């Protein structure tokens, strides 16, 4: 994670990447053209197939556009295994349209039926170029539409999707496992310890522990405060635990 120097409270409202998710891609700026002028929708689809190849390469895969029956891209893992990727793109609608069952503030992706041959589905928001990823076992291809909340299309979720994809093993199912609350707490504590200089610098700007916890998505601020206090005293709970083990 890059060191972030917080100079004012305005930084707290800026979107930030969770420290646990490595930034794998720079999301390109979306086109400013109006979709009302689009006449060749196949060309729009090809743009997002190329964007998907860019994202796949960032996750360590080779990718080639195929436009075959049931999938768009053939991707190759570093170990030589192949998997098929289906690419879909859409724009959000803020009003409810009964004819396509699009919920308010969501994106509706058409043409899902008969795509069961694909192993990975990459959904793109054309207004942001952010991506949401799902594996075949997570998608129902017996229906023609897939509706997703617009909130899953963000920089954070794009980076998370690529981290999730990087652990995918074709033919062996989903290898990505989210950390348990206990594991996440341990990871957060270790991050605070490793980045104590950043935390103390932010505190020096007058920003409270509760705000720091929300910015870095670290859970309850009470234990962050305790770790910082213990750090000032030169010892932490983790260090005490390690000391007890070494003396046992």
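In nm, give the distance between the simple-model label positions of residue 57 and residue 74, each being 7 Å from the Cα along the Cα-to-Cβ direction.
Distance between the two pseudo-spin positions: 1.9 nm.
Going by how many other Cβ atoms sit within 10 Å of their own, how do 229, 23 line up, fewest first?
The most exposed by this proxy come first: 229, 23.
Under the 0.36 nm per residue contour assumption, what length would be gained going from the current alpha-carbon distance of residue 50 and residue 225 to full extension?
Net length gain for the segment: 58.4 nm.
The numbers here are math on the coordinates, done by the rules we state, and not lab data. All of these numbers come straight from a predicted model, not from anything done at the bench. We place every Cβ from the backbone using ideal geometry, glycine too, and count neighbours over all the protein chains shown.
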